[in-house]
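Asks: Dropping the structure in here first, questions after.
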Amino acid sequence: MIWKEKFEVENANIFSKNTLVEHLGIEFVELGDDYLIAKMPVDHRTVQPFKLLHGGASVALAETVGSFASNLVIDTTKYGVVGVEINANHLKGVKSGFVYGKATPIKIGRNLHVWSIEITDEAKNLICVSRLTTMVVPHTR
């Protein structure tokens, strides 16, 4: 297991209240030994004018699940995590239902983390692949 301490996935949803995460309907659903999954609805909040999942919403899901995972592998009493780079390849359109973002580590270093995030639809079709780099920074007093 890669996580710094035992964590209940429901706490991630509580932590996300009154944020973009809640506004987009993103909900954390599963924490495995080396992955974190969140789901997001494809609805009026997350589609573009042609009623397809907005690429920016996919990127928001990817950054959300990757950044949260990054926070789970550090001592959050001393450090925080900030995103420094994200990319995404949009592979397939989605018009309804939910999409699922699964973050798995590529590299967990002392100062930089790199995460792979795969976004799939309910039929497990690959919708988007993303890579997120986060930086571990000490809290300032």
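Throughout, read-outs are computed from the coordinates displayed, never taken from laboratory work. Keep in mind it's a predicted model, so treat the numbers as computed, not measured. Note that we place each Cβ from the backbone using ideal geometry, even for glycine, and neighbour counts take in every protein chain shown.
Asks: Just how large is the dipole of segment 9-138 about the Cα centre, in debye to the nearest 20, putting +1 at every Lys and Arg Cβ and -1 at every Asp and Glu Cβ?
Replies: So the magnitude is around 300 debye.
Asks: Let me ask you something else. May I ask for the percentage of alpha-carbon pairs in segment 9-138 that lie more than 21 Å from each other? It would help to have the intermediate numbers written out before the result.
Replies: On the way: 2986 of 8385 pairs.
Above the 21 Å cut-off, segment 9-138 has 36 percent of its Cα pairs.
Asks: I'd like the FRET efficiency for THR140 and PHE50, computed as 1/(1 + (r/R0)^6) with the beta carbon distance as r and R0 of 30 Å, rounded to 0.05.
Replies: On the way: r = 44 Å, r/R0 = 1.47.
So the FRET efficiency works out to roughly 0.10.
Asks: Out of the trypsin sites (Lys or Arg not before Pro) in segment 1-106, which ones are loop residues according to DSSP with at most 10 other C-beta atoms within 10 Å?
Replies: Numbers: sites: LYS4, LYS6, LYS17, LYS39, ARG45, LYS51, LYS78, LYS92, LYS95, LYS102; in loops: LYS4, LYS6, LYS17, ARG45, LYS51, LYS78, LYS92, LYS95.
Those that pass, being in a loop and sparsely packed, are LYS6, LYS17, LYS78.
Asks: For segment 1-34, which GluC sites (Glu not before Pro) are both in a DSSP coil and crowded by at most 10 other Cβ atoms within 10 Å?
Replies: GLU5, GLU8
Asks: Compute the distance in nm between two label points, each set 7 Å from the Cα along the Cα-to-Cβ direction, one at GLU5 and one at ARG131.
Replies: Label at GLU5, label at ARG131, 3.3 nm between them.
Asks: Please return the longest range in the chain lying between exposed loop sites, taking chymotrypsin sites (Phe, Trp or Tyr not before Pro), DSSP loop only, at most 16 other beta-carbon atoms within 10 Å, and leaving the sites out. It would help to have the intermediate numbers written out before the result.
Replies: On the way: sites that count: TRP3, PHE7, PHE50.
Longest site-free region, per DSSP loop and neighbour criteria: 51-141.
Asks: Once each part is reduced to its C-alpha centroid, what is the distance from segment 93-139 to segment 5-68 in angstrom?
Replies: 10 Å
Asks: Next up: How many nm separate the modelled label positions at LYS92 and THR76, each set 7 Å beyond the Cα in the direction of the Cβ?
Replies: 3.3 nm
Asks: What percent do you get for the relative contact order of the chain when only Cα pairs under 8 Å and 6+ apart count? Present the calculation step by step, with values, prior to reporting the outcome.
Replies: On the way: 297 pairs, mean separation 33.3, N = 141.
RCO, the chain: 24 percent.
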